[in-house]
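Let me begin by presenting the structure, written as structure tokens, before commenting on it.
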Amino acid sequence: MRSKMVMFVCSAALLVAATLPAVGEEETMGQPETAVAAWLQLGPVTVPWPAFREGGAKDFGAAELLATPMLDQEGLWPAAGDTVRWADGSTLTWQAAQPSLELVAGGDTPAVVYLATYLATDRFVTAKLSLDTTQLAEVFLDGVSVAKRDSATSAPAEGDDAEAAKAAEPLKADLPMVEGKHLLVVAAVSDPSVEAPWKLAARLEAPVGSVGASTDPERSLRLADILDVESVTGLELAPDGRHLAIHLTTPSAPADDSEHWTQIRTFDGRLVRTLRGGESELSWSPDGRRYAYTVSDEGKADLWVADVEGGADRRVLEGVEGLDGFLWLPEGQAIVYSVAPESEKDDRGVKRYRGLNDRWAGWRDVDSLYLVSLADGSRRRLTGGGETVHLQDVRPDGGAVLLSVDRYTPTEWPFTHADLYELDLSTLAARLIRRVTWFGGATYAPDGKHAAVSAGPSAFGPTGRSAGETGNPANEYDTQVYLVDLESGDVRALTHDLKPAILSLAWTAGGDLVVLTQDRDRQTIYRLPKGKSSFVAIDSGLDTVEGLSVARRTGDLAYYGSSTLVPPQVMVRGAAAGGPKVIYRPLEKVLEPVRLGRLEDFDFETESRGTILGRIYYPPGFDAANTYPAIVYYYGGALPTERTFGGRYPKDLWAAMGYVVFVLQPSGATGFGQEFSDRHVNDWGTTVADEIIAGTKKFLEAHSFVDPKRVGAIGASYGGFMTDLLQTRTDLFSAAVSHAGISSISSYWGQGWWGYLYNAVAGAGSYPWNNPDLYVGQSPLFHADRIQTPLLLLHGTADTNVPPGESQQLYTALSILGKPVELVTFDGENHRIADHDKRELWSQLIIAWFDRYLKDQPEYWEHLMGDEKKPKG
């Protein structure tokens, strides 16, 4: 066969100047068209036909070759000089495209080439692509196929029929793009059976100045960097500190096709093994040489034990219905585990409630404790009857366990408490230690005679109060740690002089107590050395530690978390010496080309409440000479807004979309000391609204580059309530978003699964019949006529925390009043939008709503919501 010369022509040398066409009164002409001039190129490379391609049910031709995923589009983000290891072992290099090149292909051998360019836009736009080619090609935008031509054709000659002329028409595609940078890739395959030059030329039709093409991969943060990436969900450090298990998932939002796996690494980060068999609930043996884990299938679970150094895993329990957590005995000879089979339902389809908590999923399921011997698999039941028991800890000598039993007291505030017991494993006698309100958990001290108990500030009377002189009821979410004598029941508060609230705690064998705390708007680690009365702060190297594990025998630490401008990472810190060390960065490669904006603290003073913390996120490439829209974000409830990267409400992403973002920490949040957190009680937004309004005004006065007529407000849950309430108090905001917001405190109190319990803190002692001023006066629904701000209400239809009726009734009121309001619900979603695709849309709608009203750019909203119109009449 003779060799064939194929000419490849790239449009890199062409750049057509665009001018805005005139627009008539009756007819709008098309947008200007510009040639794409900047390309990166990979190949061309010849691709031999596969064996046995002819014959059988279907021949394998150039179309099938194009459909073969020779270059993975997922995660592709090339730069000039990047190399690709091709399937035949050769190395290809991405390079700037030349104006033209020649490809020599032997005989009937096809070839493939990839072209890539980055399209940048400063607003949402749908550009139109036209690709001139006589050969096969597929177009990808951000890894998604948007157009394909799977047959080659010769250039039409005079006299050719209409079908031939149509086959030679440009390949066209719509390219919807949000603000930022997008990767456009053209995969092209030559069909050697077609006698035609191999030409490629791309043109874009878009508003003047809205889209630019380049080969520079540097970009801003994208939603996919938060949703579609590997994320850490937990970790466990072995008691000897030698190994740790890191639990990972992708995508980060739960989805039907999400993947979960576990890495076993050494303390210095070396990967030992990866577990991808559905393992969960991993727990290390006391000596750190083995680990136990469960594998679940259709409501039943097996318990396995494995040696970290290798060997076959051994199944200890098989097909246990409702297996619900376990702990090793200190010598590693047995495991105590909890079982909660699903309770039977009334087959008549009716339900008689046994109490307020009977609304909770699984409340009727009874947890019982068992012990299994690892030597022979023999089992022993430790608890029985109709009471649910919660396993807390195993005594260091293995002779007993701590357990708690929840008690329900609907006529006695605060309506529930826990009884803490010690269960002797020899006699199975259970001894009551203490009744504990606002109970968080308990763990044995190393001496086995005391236990550290986490609970609210007033769990044991005034012992845990450090702000009792204010006269306010305690914010019971401001969790403290108490040392309880297990023999006498005497209690000593360990943290009443520590302002940070306690999130978790663990003892070391040497007697140190290590706690993870909510420390203002950070989550930090403290250590209480044995015999000391003051906690010592431990430098973690992060703003927010999201998960902490302590090696019981050595005191070493492993943890994961992030900072405002530092992506999530896994770190370790030895107890003896040395500072924090990063051992794993899940997003290192993904975020390598990302440029973030800067962060700046902006605290302000109130007239009577002291300092309120705030911070500002700036867009990448910020220029104070320009004017920017702003988004104000807050929570306002019992918790602050932590300094994290990304997350469900990604301030750094909003900044990347061109907004200056102001975050503030109003009164009532934990982590600032009890005097500050107590302000949450019986306030229901009064103080918080004043502080948000005052803080926003101070922010605007101090930053002239923010347009005061283009400021948006957003909050969720209690923050959604604050969004609704704020719009009844001020016209400061030009757009607002409320996710799962409370519009009527009384209906939330009565219908939300946890409403009456949350209000046992937020409205301690207040009920609709004795404090209507709070339940009506602070409810946005009863002041809906004051709302003028365009308001977007978002809600999951299966929200058990804040029922969807909270948004529906405010939507009803505002619709009747003729106010600008939109309600978007998400079928089957609970308090958080968890389904991946729905969460993606939910996140997009937030940005689109602000673009619509703060940038006067409704195109994104219209793209997402289509042409749906509100019903009239």
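For S258 paired with S343, estimate the spin-label separation in nm (one decimal), with each label point 7 Å from Cα along the Cα-to-Cβ line.
The two pseudo-label positions are separated by 2.8 nm.
I want the antiparallel fraction of DSSP beta bridges within the chain, as a percent rounded to 5.
Roughly 85 percent of the beta bridges in the chain run antiparallel, per DSSP.
Would you pull out the residues with amide H under 5 Å of L136's amide H, same chain only if 5 or more places away, H placed 1.01 Å from N?
Counting only residues 5 or more places away or on other chains, the set is V189, D191.
Looking at region 180-221, which GluC sites (Glu not before Pro) are in a loop (DSSP not H, G, I, E or B) and have at most 16 other Cβ atoms within 10 Å?
The qualifying sites are E195, E218.
Over 10 Å intervals from 0, what percent of Cα-Cα pairs in the chain sits in each interval?
P(r) over the chain, rounded to whole percents: 2, 10, 18, 21, 19, 14, 9, 5, 1, 0, 0.
Once you order the gyration tensor axes a ≥ b ≥ c over the Cα atoms, which shape class does region 615-757 get: rounded for a/c under 1.5, otherwise prolate or oblate by comparing a/b with b/c?
Since a/c reaches 1.5 and a/b is larger than b/c, the shape of region 615-757 is classed as prolate.
Put a dot 7 Å past each Cα toward the Cβ at N830 and R595; how far apart are the dots in nm?
With each label placed 7 Å out from Cα toward Cβ, I get 4.2 nm.
Counting Lys and Arg as +1 and Asp and Glu as -1, what is the net charge of the other residues whose Cβ lies under 9 Å from the Cβ of Q569?
0
222 nm [θ] for the chain, helices only, -39500 (n - 2.57) per DSSP H run of 4+, per residue, to 500?
Result for the chain: -3500 deg cm²/dmol, rounded to the nearest 500.
As an exercise, identify the GluC sites (Glu not before Pro) in region 384-491 lying in DSSP coil whose Cβ has no more than 12 other Cβ atoms within 10 Å.
Qualifying residues, ordered by number: E412, E487.
Taking 8 Å as the Cα distance limit and 6 or more residues as the minimum spacing, I'd like the relative contact order of the chain as a percentage.
RCO, the chain: 7 percent.
If you take the square roots of the eigenvalues of the alpha-carbon gyration tensor of region 810-860 and sort them as a ≥ b ≥ c, do you get rounded (a/c under 1.5), prolate (a/b over b/c) or oblate?
Because a/c hits 1.5 or more and a/b fails to exceed b/c, region 810-860 counts as oblate.
What does the extension gain come out to for E412 and R431, with contour length at 0.36 nm per residue minus their alpha carbon separation?
4.4 nm
Can you give me the accessible area per residue for the chain, using a 1.4 Å probe, in Å²?
44 Å²
Enter the angle in degrees (range 0 to 90, nearest 10) between the Cα long axis of helix 718-729 and the first principal axis of the Cα atoms of the chain, meaning the one along which they spread out most.
The angle comes out near 80 degrees.
For A575, list long-range residues whose amide hydrogen, built 1.01 Å from N in the peptide plane, is under 5 Å from its own amide hydrogen.
When sequence neighbours closer than 5 places are left aside, the close amide H contacts are D556, L557.
Using the alpha-carbon centroid of each, what span in Å lies between region 488-523 and region 261-305?
A separation of 28 Å, based on Cα centres.
Take every Cα pair under 8 Å in region 579-690 that's 6+ residues apart, average their separations, divide by the length, and report that relative contact order as a whole percent.
Value for region 579-690: 25 percent.
Based on the Cβ-Cβ distance from E230 to D297, what FRET efficiency comes out when R0 is 30 Å, to the nearest 0.05?
Calculated transfer efficiency: 0.75.
May I ask for the distance between the Cα centers of region 554-601 and region 188-203, given as a whole number of Å?
Using only Cα atoms, the two centres lie 48 Å from each other.
Is the shape of region 650-727 best called rounded, prolate or oblate, per the rule: a/c under 1.5 gives rounded, else a/b larger than b/c gives prolate, else oblate, with a ≥ b ≥ c the square roots of the Cα gyration tensor eigenvalues?
Note, shape of region 650-727 comes out prolate.
Out of residues 5 or more away from A445 or on other chains, whose amide H comes under 5 Å of its own, with H placed 1.01 Å from N in the peptide plane?
Hits under the 5 Å cutoff: H450, A451, A452.
How high is the FRET efficiency between F705 and S193 when r is their beta carbon distance and R₀ equals 60 Å, given to the nearest 0.05?
It comes to 0.50.
For region 843-858, take each phi angle, set θ = phi - 60°, evaluate the Karplus expression 6.51 cos²θ - 1.76 cosθ + 1.60, and give the result in whole Hz per residue in order, putting x for glycine and proline.
Once rounded to whole Hz, the list reads 5, 5, 5, 4, 5, 5, 5, 5, 4, 4, 9, 9, 10, 6, 10, x.
Extending each Cα 7 Å along its Cβ direction at F52 and R648, get the distance between those two points in nm, one decimal.
Placing both labels 7 Å beyond Cα along the Cβ direction yields 5.3 nm.
Given charges of +1 on the Cβ of Lys and Arg and -1 on the Cβ of Asp and Glu, with all other atoms neutral, how large is the dipole of region 463-550 about its Cα centre, in debye to the nearest 20?
200 debye
Please work out how much length the chain gains when fully extended from A96 to L864, using 0.36 nm per residue of separation minus the C-alpha to C-alpha distance, in nm with one decimal.
Between A96 and L864, full extension yields an extra 272.9 nm.
On a C-alpha basis, how far is the centre of region 628-671 from the centre of region 365-422 in Å? Whole number, if you could?
Spelled out, the Cα-based centre of one part sits 40 Å from the other.
Using θ = phi - 60° and the Karplus curve 6.51 cos²θ - 1.76 cosθ + 1.60, what whole-Hz ³J(HN,Hα) does each residue of region 558-565 get, with Gly and Pro shown as x?
Karplus-based 3J(HN,Hα) across region 558-565 equals 10, 7, 9, x, 7, 10, 4, 10 Hz.
Suppose R0 equals 22 Å. What FRET efficiency, 1/(1 + (r/R0)^6) with r the Cβ-Cβ distance, do T266 and E588 give to the nearest 0.05?
With a Förster radius of 22 Å, E is 0.70.
What is the percent carbon and sulfur in the accessible area of the chain, measuring with a 1.4 Å probe over the protein chains and ignoring ligands?
Answer for the chain: carbon and sulfur cover 48 percent of the accessible area.
Mind grabbing the accessible area of D731 for me, 1.4 Å probe, Å², rounded to tens?
130 Å²
Run a plain Debye calculation on region 597-670 (Cα atoms as equal point scatterers, no solvent) and give log10 I(q)/I(0) at q = 0.18, 0.24, 0.28 Å⁻¹, rounded to two decimals, same order as the q list.
-0.73, -1.11, -1.34
The values are calculated or read from the model by the stated rules, or taken from the named source; none is laboratory data. No experiment lies behind these values; they were computed from the predicted model shown. Counting neighbours? That spans all protein chains shown, and the Cβs are built from the backbone with ideal geometry, glycine included. Note: accessible area is taken over every heavy atom of the protein model, side chains too, but ligands, DNA and RNA are not part of it. Shrake-Rupley method; radii C 1.70, N 1.55, O 1.52, S 1.80 Å.
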